[in-house]
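Reading through the structure tokens given below for one structure.
The values are calculated or read from the model by the stated rules, or taken from the named source; none is laboratory data. Nothing here was measured: the structure is a model prediction, and the numbers come from that model. Here the Cβ is made from the backbone with ideal geometry for all residues, glycine too, and neighbour counts use every protein chain on show. SASA here: full protein model, heavy atoms, side chains in, ligands and nucleic acids out. Shrake-Rupley method; radii C 1.70, N 1.55, O 1.52, S 1.80 Å.
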Amino acid sequence: MASITIPARGEAHPNLRPLNVLRDLSAVADLIETCFSSTMDSEGRQYVQDMRRAGKDNSFVRWANRAIETTSLPLSGYVWEEDGRIVGNASLIPFKHNKQRIYLIANVAVHPDYRRKGIARALTRRSIAHALEKNVTDIWLHVRHDNPGAIDLYTQLGFVERACRTSWQAQTDPHAPTLAADFSITGRNLGDWQTQLDWLSRLYPDSLAWHRNWTFKSLRPGLWNWLYLLFVDMNIHQWTAVRKGNMEAALAWIPYGRGESLFAATGEGSDPEALTALLLQARRELSHSYSSIALEFPTGRFDEAIRAAGFKSMRTLIWMRATL
């Protein structure tokens, strides 16, 4: 765990100032789209559209100006102005996890015409200083794995890699193939719940769960949980791949409104083909309600198995953390 030291207010610069939600959201949305459009998924495009819409809604921005430090929306941060326009941005998103406040530094973007001038470093340093001013000592950020310059910058500023995760997306298809293998696809058996939970906890650890407003308890078996899901109108799907009576892998579909709605559970010795078969099953069964489905999963041994199920890699992000 890294420990970094930085002056509480950083060095003032005439081009660097706090984000003003009353007037900056549309310009920041344009900048984010310019910098990330080639790798932006459907959720990212929706995010930019929402930001533009919010920038035009006076009632929203007035509320946002008051709620900057109490909401998890990206309403605070810093921008860099040059030649009369915003050419750099760093958003600050507050979260709470185990009663502790956390900041996520997001949307660190510099217009292509203004790069290699130290703007990203200045914005990130000022964001770190902001956290210190708010007595927040735990800061996270995401960076694409194919951006070595940014990774080096964040490492120099004291961030340490904590995880590497890939986001995948596929079109649903009622005619997706069935994998020829020696295991069967079934619903989740009651006796497999604890193993599934143990696998999920390893693959989606609590230390990375601060951005989620729910837990995997929604997947547990039992009448009371079934009644709760019925009450909140959450239609969860679960499948397992079983070989000789033993669960090889499990897959859950949780339609909770974010992109990574599929959650895969695999063990250390699970056959990767079991995950391929489950993902193909999901593509078939969910085709009646959804045009596309998404999965976030640790980068590594199961990449080819996910790709074999017809999923396309959207981005691979390195999660980095610094403790002040």
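Before moving on, here are some points about what is shown:
- Modelled this way, with points 7 Å down the Cα-to-C-beta line, the labels at residue 244 and residue 20 are 7.0 nm from one another.
- Under the simplified labelling scheme, the residue 152-residue 218 pair shows an inter-label distance of 4.2 nm, with each label point 7 Å from Cα along Cα→Cβ.
- Nonlocal amide H pairs with residue 164, under 5 Å, H built at 1.01 Å: 299, 319
- Listed peptides 173-181, 303-311 by packing density, highest first (mean Cβ within 10 Å): 303-311, 173-181
- Label-point separation in nm, residue 13 to residue 291, each point 7 Å along Cα→Cβ: 4.1 nm
- Computed in the context of the full set of protein chains, the accessible area of the stretch 90-240 at 1.4 Å probe radius has 52% of its extent on carbon or sulfur.
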